[in-house]
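S.K.: Quick one: the structure is below, and I'll ask about it shortly.
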Amino acid sequence: MATVLDPAEDLFDFADQLGLFSSRLLVYRIKNKSKLSESEREELLNLELQLDKATADVRAQGIEALGVFSADVQAEIVAATGQADEFLKKIRKVEKVVGVLTAFASLALAVIGRKPNEIIAAVNGVRTAIG
């Protein structure tokens, strides 16, 4: 039987990463404004807004901290977050940025929904986007 932990700290860390990714996306949009098409700029802005909303929602869950995730699920979230963070520091193509951050937004939605099976699927989606 999996150990159930109080996920508050991990949720707050995850929310911080979401906020960081949103900030990096903002910087990316600004730096590459002249290189991006109007549709790319719009897509990146919408993704940034999604990440901002997910950040707030995950922080709210951290406050509630119901202890619903197993240690294995929490470890998967932390690992995927770290992998995405390292990958985003290196990429330059807008398609890859969108792919990774969209996968990460899906992970955030799964965490917000507190659905461990969807979290694992979303973690795999992050890894696929990075790979």
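The values are calculated or read from the model by the stated rules, or taken from the named source; none is laboratory data. All values derive from a computational prediction rather than experimental measurement. With ideal geometry, Cβ positions are generated from the backbone for all residues, glycine too; neighbour counts draw on all protein chains shown.
S.K.: Quick check on segment 73-80. Is at least one of its residues modelled with pLDDT under 80, under 13 Å from residue 15 (Cα atoms) and of a type in the set (Val, Ile, Thr)?
M.R.: Yes, some residue in segment 73-80 is modelled with pLDDT under 80, under 13 Å from residue 15 (Cα atoms) and of a type in the set (Val, Ile, Thr).
S.K.: Only one residue in 12, 87 is modelled with pLDDT under 85, assigned to a helix (DSSP H, G or I) and farther than 24 Å from residue 128 by Cβ, so which one is that? Please lay out each step first, then the result.
M.R.: Values: 87 fails: farther than 24 Å from residue 128 by Cβ.
That would be 12, the only listed residue that is modelled with pLDDT under 85, assigned to a helix (DSSP H, G or I) and farther than 24 Å from residue 128 by Cβ.
S.K.: Just one of the numbered conditions (1) more than 18 Å from residue 80 (Cα to Cα); (2) loosely packed, with under 15 Cβ neighbours inside 10 Å; (3) modelled with pLDDT under 85 is not true of residue 5; which one?
M.R.: Residue 5 satisfies all of (1) more than 18 Å from residue 80 (Cα to Cα); (2) loosely packed, with under 15 Cβ neighbours inside 10 Å; (3) modelled with pLDDT under 85 except (2).
S.K.: Which of the residues belonging to segment 90-113 are more than 23 Å from residue 36 (Cα to Cα) and either part of a helix (DSSP H, G or I) or among the hydroxyl-bearing types (Ser, Thr, Tyr) (or both)? Let's see the steps before the verdict.
M.R.: Initially, segment 90-113 is screened for residues more than 23 Å from residue 36 (Cα to Cα), giving 106-113.
Listed by number, the residues that qualify are 106, 107, 108, 109, 110, 111, 112.
S.K.: Another question, if that's okay. What about residue 105, is it out of contact with any Gly (no Cβ under 8 Å at 6 or more places or on another chain), modelled with pLDDT of 80 or more and closer than 23 Å to residue 56 by Cβ? Walk me through it before giving the result.
M.R.: Numbers: out of contact with any Gly (no Cβ under 8 Å at 6 or more places or on another chain): yes; modelled with pLDDT of 80 or more: yes; closer than 23 Å to residue 56 by Cβ: yes.
Yes, satisfied.
S.K.: Would you mind telling me which numbered condition in (1) at pLDDT below 75; (2) touching an Asp or Glu at 6+ places or on another chain (Cβ under 9 Å); (3) within 18 Å of residue 122 (Cβ to Cβ) residue 70 fails?
M.R.: (2)
S.K.: Please work out which residue is modelled with the lowest pLDDT, limiting yourself to segment 15-53 and to residues that are of a type in the set (S, T, N, Q) and either surrounded by 17 or more Cβ atoms within 10 Å (Cβ to Cβ) or within 16 Å of the chain's Cα centre (by Cα) (or both).
M.R.: Taking segment 15-53 as the starting set, the residues that turn out to be of a type in the set (S, T, N, Q) are 17, 22-23, 32, 34, 37, 39, 46, 50.
After this cut, where a residue has to be either surrounded by 17 or more Cβ atoms within 10 Å (Cβ to Cβ) or within 16 Å of the chain's Cα centre (by Cα) (or both) as well, the list is 17, 22-23, 46, 50.
Details: 17: 87, 22: 90, 23: 90, 46: 91, 50: 90.
Going through the qualifying residues, I end up with 17.
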